[in-house]
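Taken together, the values in this text are just the output of simple stated rules run on the coordinates, not laboratory data. These numbers come from a predicted model, not from an experiment. Here the Cβ positions follow ideal geometry from the backbone for every residue, glycine too, while neighbour counts run over all protein chains shown.
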Amino acid sequence: MSQPNPIFPFVAIVGQESLKLALILNIINPSLAGVLIRGEKGTAKSTAVRSLAQILPAIEVFEGDPFQLDPRTEAELLAELSAAVGLSRLVEPRIVQRQIRVVELPVGATEDRLVGTLDLERALKTGEKRVEPGLLAAAHRGILYVDEVNLLDDHLVDALLDSAAMGGCSIEREGVSLTHPARFTLVGTMNPEEGELRPQLLDRFGLCVHVSGTLELAQRVAVLERRAAFEENPEAFVASWAAESERLAQKISQAQKLLAEVKVSQESLYEIARLCLEVGVDGHRGDIVIHKAAKAMAAWRGQTEVTPADLEAAAELALPHRVRRQPLQALADNLDLRRNQARDSRSPKAGPSQKPAPGL
Amino acid sequence: MSGPLTGRGRPIYPLVALVGQTTMVQALLLAAINPLCGGVLLRGEKGAAKSTAARGLREILPPLPPTSAESANPSLPRGRPFLTLPLNATEDRVVGGLDFEVATRQGIRVNNPGLLSQAHQGILYIDEVNLLDDHLVDLVLDAAARGSCALEREGLSLTLPSQFILIGTMNPEEGELRPQFLDRFGLAVQVASEKDPELRVETLRRREEFEADPWVFAAKWAPETELLKARVLKAQAELSRVVIPQRIREFIAQLAVERHVAGHRADLLLERAAVALCAFQGRKILAETEVLEVAPLVLAHRQRESAPPPPPPPDPEPNEAEANQEEPEQEEPRPEEPNQEESERAEPTETESAPPEPAPAAASPLDRPEPEDSGEEDSTEPPSPRPNALVERIFEIGQTFKVRRVETAKDRLRRRGSGRRSRGRVSQKQGRYVKSGPNNGLGDLALDATIRAAAPYQLGRERAPGLALALWPSDIRCRIREKKMGNHLFLTVDASGSMGARGRMAAAKGAVMSLLLDAYQKRDQVALISFRRDGAAVNLPLTASADLAGRLLAEMPIGGRTPLAHGLELTFREVRNALLKNPLARPIVIVVTDGRGNVSLTAGPPGSTQSRPLQQAWALASVMAREKRAKYLVVDTEEESLVAFKLAERLAAALEAEYYRINDLKAETLLSLIRAQT
């Protein structure tokens, strides 16, 4: 898919460290469930996500399986799901390595395309009732990318929420009925000026980063230079960064292996719980995400011990969009401010005038 | 049909491994013990294990009692069906429809059963149930009420049994359930995350363990799951043996009466749930304790009084009325013998039942810090009833509340848009595929329905080579899609000095904020226009960001004279622009003012309309009223008193607008939220 047009390399993006870090952490531990990238236009949001494809590791899949089932844990579903889409199966399906995909959900997509529906061609040709899987099936174990996620139609958001909550997708449409696994990393970009996300969807993004154009002159010049070089000769530009990309991919894959060994101390666990209680988050997802992100962070540094710095960095990514806020109040851009506020204002006098400066 | 997410493949998080959340688990178990408890609604904040618990119940469900035919062969206890109704389901999958595969091949009509009949004797689970489309809600309600599912379509005429336990989860931030639907849930639990750090850390640990290896984790908890399953099964067997003393029956009835519960369903459910709890705890005789323990689950969501907002409203009158109603309940002595102890114990439970009640209002936490502010405004303002016209001030946002429904009527026009306020049919190929209908020439083919229409005739038709189906023009069915329309909401706010008096602006801001919150839930587009001093300004052009409008509202300064006519004129210009862009839109204009316009658009000769700002504004208003596509509302901020000018009322008359005082805007009762059915 990515062959025809060279993509600007991930490693060549200037600055935007927290954005890159959030994406990398999600590759290391896909169960972090995604990143929401908030920021103005032209801040390399989409470039960063699209360029992920080059550094994503490979996964094992059954050959020709539209549901990307995991051969190690979901093999028993293969027969049923294959029958539902009308694929005949060999007794011993071949297992192949394939790079994780970035599946893009266009804002104008129909529900049919997202969820899946009746296979039209088959119904007409053979009169058989078969399922045509949707984007959610294609995104299983991969990345589902929604540009301008805040403009997504409401019913599509509902479908996304449904499957994010279930870790799967239920198709009950147009005479067909099928449930298949769909666990994906949800990556969304948005410009907050055009409206906020619904709280429930907001919470489904594991991490949240706020990006803005860099103000440093040297960096801005670097952005211009690289962009010009890329546009002049994309192939050569990509080739010149290939070694760097490869190094990054290696480092990510090492971190992935290390992740299982990362330990979190007793104190750190309490620190997480205390932090979440202090700033006031809904539910337990905040705790869980900080925990996972901190572990991924340690693994990324090549360590097996989570340090307070890891926790701090993980909280910066996991909490801004979870801090309980009054409806219609701005998201907390600055977590420290919120924490201080939470400490200061045990009194009910924390009116909206004290909220952090609007992020616009 | 059993989903791979639950039955096989990756195990789900075991119910017994949940940390804390005892009320939620208890409610689910009661429904498992006695399906007649009538379903469970888990409502609460996101990330509080609602969905995890609901799906975990599956492992605990006792098998179905064997039917007479099966009892001959008891080797196969049937598991109870556990079906998920996804939000995007289409009608034919919910109620059932013709199986076209069979019809094409064999030329016979066979029903492909829908979820409602498949869920018979089992569980129908709906995640984010408050987001379920109205037409699907209707179908579920209908089946739940009748205990069966009638199918009259595509040449099929069937009635299938459909008795199921409805389990739903919802986050009230995203909107409330319709009252009839709410009533269908026997038990409702208000879920919140655990606040104890110990429990939170334990949650983290278990979650980590589960994700490291779900299989090992599930195996580790399997003995406990089995234990609980056995206990549920035993309780189920004991159900019929629980003795219900007469005085307990009276106690239940009294409880329901005291809580102002609509209908008799609550009494019945309360008894069933209490009996189930009694059996689960291994007791033989029902006592008050069990009744009181389950009472919040059954009664909290049924109370007829609307949730009074937790802080006292600034207006003392309704406050007193409420207090009068609440008080006697608490003090009422109970006639029963063990009443000394019982009623003592009753107190805490009764107050315990209160928290879930104000919850709908708590969904808009703006309530919390505000009352103090508006109270202060009240006390600081009176010395300057007519504030200096040149002083500018920023008032904080007053108390917010749940607003009554404002919507435009559903009509037959096809239009574009997205949102949740008014329902309308859409012309584009987007929106939810509601159902199919005969060919309407729009080219939005409902393939499934078309094939179903054609299928029974296939044996007799000549088919083109390579095609299994011969479709005739008469078979064509088109999709009917529906989409809630967000309206265009124009908020025109009077920011003149007269609004500063007596905390009026705080109250007005509170009202506008409530409208914004409502707009947000309904995905409206909002524009904010304010007028003060010598002119009006568009603070925010039409946008989907209610957040932005909220922020601007908070920062809006007030002061100066009242250029009402300017405000109206600018609003009308904006409305007309919006209508030019989208002629089918139905904008709603809300003017928040006390109506005391005192600045003219243009100066004119003395005695003419131009020189009289009020007349000018009214004249303008009657011009605006001629735009029938717009709907106008006037929210009067003038205090009620003997010397009230009632100018806003005059303005409303000129605008042919609906007229409200701030207090009128509040949604009085849950029942008033019932939407006018179309």
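Overview of results
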| quantity | calculated |
| --- | --- |
| Within 10 Å of each Cβ in A:195-203, the average number of Cβ atoms from other chains | 5 |
| Most mobile listed residue (A:Arg204, A:Arg183, A:Arg226) in chain A, GNM with C-alpha springs under 10 Å | A:Arg226 |
| Burial ordering of A:Phe8, A:Phe205, fewest other beta-carbon atoms within 10 Å first | A:Phe8, A:Phe205 |
| Label-to-label distance, nm, for residues given as A:Glu225 and B:Phe645 (7 Å Cα→Cβ offset) | 6.7 |
| Neighbour-count ranking [beta-carbon atoms within 10 angstrom, fewest first] of B:Glu569, B:Glu649 | B:Glu649, B:Glu569 |
| Under-5 Å amide H pairs with A:Leu118, H placed in peptide plane, nonlocal only | A:Glu132 |
| Of A:Ser240, A:Ser18, A:Ser82, the one that fluctuates the most in a GNM where chain A has Cα springs shorter than 10 Å | A:Ser240 |
| A:Arg183 long-range amide H proximity, modeled H, under 5 Å | A:Arg141 |
| Cross-link pairs A:Lys257/A:Lys292; A:Lys20/B:Lys195; A:Lys20/A:Lys257; A:Lys41/A:Lys292; B:Lys50/B:Lys284; A:Lys41/B:Lys509 - those with Cα-Cα distance over 22 Å | A:Lys20/B:Lys195; A:Lys41/A:Lys292; B:Lys50/B:Lys284; A:Lys41/B:Lys509 |
| Karplus-derived 3J(HN,Hα), 6.51/-1.76/1.60, for each residue of region B:17-29, Hz, glycine and proline x | 8, 5, 8, x, 6, 5, 4, 4, 5, 4, 4, 5, 5 |
| Packing-based exposure ordering (other Cβ within 10 Å, fewest first) of B:Met24, B:Met505 | B:Met24, B:Met505 |
| Degrees between helix A:217-232 axis and first principal axis of chain A (Cα, 0 to 90, nearest 10) | 20 |
| Separation in nanometres of the label points that stand 7 Å from Cα toward Cβ, at B:Trp215 and B:Ser157 | 5.4 |
| Within a Gaussian network of chain A (alpha carbon springs, distance under 10 Å), most fluctuating of A:Lys125, A:Lys251, A:Lys20 | A:Lys125 |
| Filtered GluC sites (Glu not before Pro), region A:217-298: DSSP coil and at most 15 other beta carbons within 10 Å | A:Glu261 |
| From phi via Karplus (6.51, -1.76, 1.60), per-residue ³J(HN,Hα) for region A:295-300 in Hz, x at Gly/Pro | 5, 4, 5, 4, 4, 5 |
| Amide proton proximity set for B:Gly122, modelled H, under 5 Å, gap of 5+ | B:Ile165 |
| Cα gyration tensor shape of region A:208-295, rounded if a/c is under 1.5, else prolate or oblate by comparing a/b with b/c | oblate |
| Whether chain A is rounded, prolate or oblate, judged on the alpha carbon gyration tensor where a/c under 1.5 counts as rounded | prolate |
| Whole-number percent relative contact order across region B:30-179, with pairs defined as alpha carbons under 8 Å at least 6 apart | 30 |
